[in-house]
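Student: For reference, the structure I am asking about is given below.
The values are calculated or read from the model by the stated rules, or taken from the named source; none is laboratory data. Note that the structure is predicted; figures quoted are calculated from it, not measured. Just the protein is used for accessible areas: all its heavy atoms, side chains included, with ligands, DNA and RNA removed. Shrake-Rupley method; radii C 1.70, N 1.55, O 1.52, S 1.80 Å.
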Amino acid sequence: MNLRRQQDEEPALDELYRDVIVEHYRTPHHYGALAAPSVRTEGMNPLCGDEVSLDLRFEGERVAESAFTGQGCAISRASASLMADAICDRSVPEVVRLLTAFERMLTEGDEPDPMLGDLEALQGVARFPVRIKCALLPWKVLRDALDEYEDVQGE
Ligand code: ZN
């Protein structure tokens, strides 16, 4: 908890539920499971009851397809949907850069990196400390997926 934040004005909820977030919540992109994923990882955020299961299919060092399922709040779902869009057709190093930029935007208060694109809609979440875990859950599951893929490659 950042105490300085409490002296600020109460952040407005419309800063949290921006149009892009509401749209992705209502109509998530890449929702479902892949027929033949290279890796499948899942995670949950017990504070909010969010669950995410992520399927990735790699072609070499590139994410060829991504899909997710799960249930949870608008923030976790929108974050998963935007993430699934953002990582498609990216190389593993690019996905890692995206992941780092997203985490830094939420936990360090960094200005959004241009590579984040529509993901900058989640910047307002940084002002709602209890919701940061919701937004980061799909990315934590993504990190596990990358680790698992690396292990599979190493075998
Ligand atoms: Zn949540």
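Student: Under a 1.4 Å probe, what is the accessible area of the chain per residue, stated in Å²?
Tutor: So the chain comes to 54 Å² accessible per residue, rounded to a whole number.
Student: Can you give the calculated 222 nm mean residue ellipticity of the chain, where each DSSP H run of n ≥ 4 adds -39,500 (n - 2.57) and the sum is split over every residue, rounded to the nearest 500 deg cm²/dmol?
Tutor: Helix-only estimate at 222 nm: -14500 deg cm²/dmol.
Student: Using 0.36 nm times the number of residues separating ASP14 and ARG26, minus their current alpha carbon distance, what extension gain do you get?
Tutor: 2.7 nm
Student: Next question, about the same structure. I'd like the carbon and sulfur percentage of the solvent accessible area for the range 3-154, probe radius 1.4 Å, heavy atoms only, ligands and nucleic acids excluded.
Tutor: Answer for the range 3-154: carbon and sulfur cover 47 percent of the accessible area.
Student: Turning to a different aspect of this structure: Hey, what's the per residue convex hull volume over the C-alpha atoms of the chain, in cubic angstrom?
Tutor: Dividing the Cα hull volume of the chain by its residue count gives 107 Å³.
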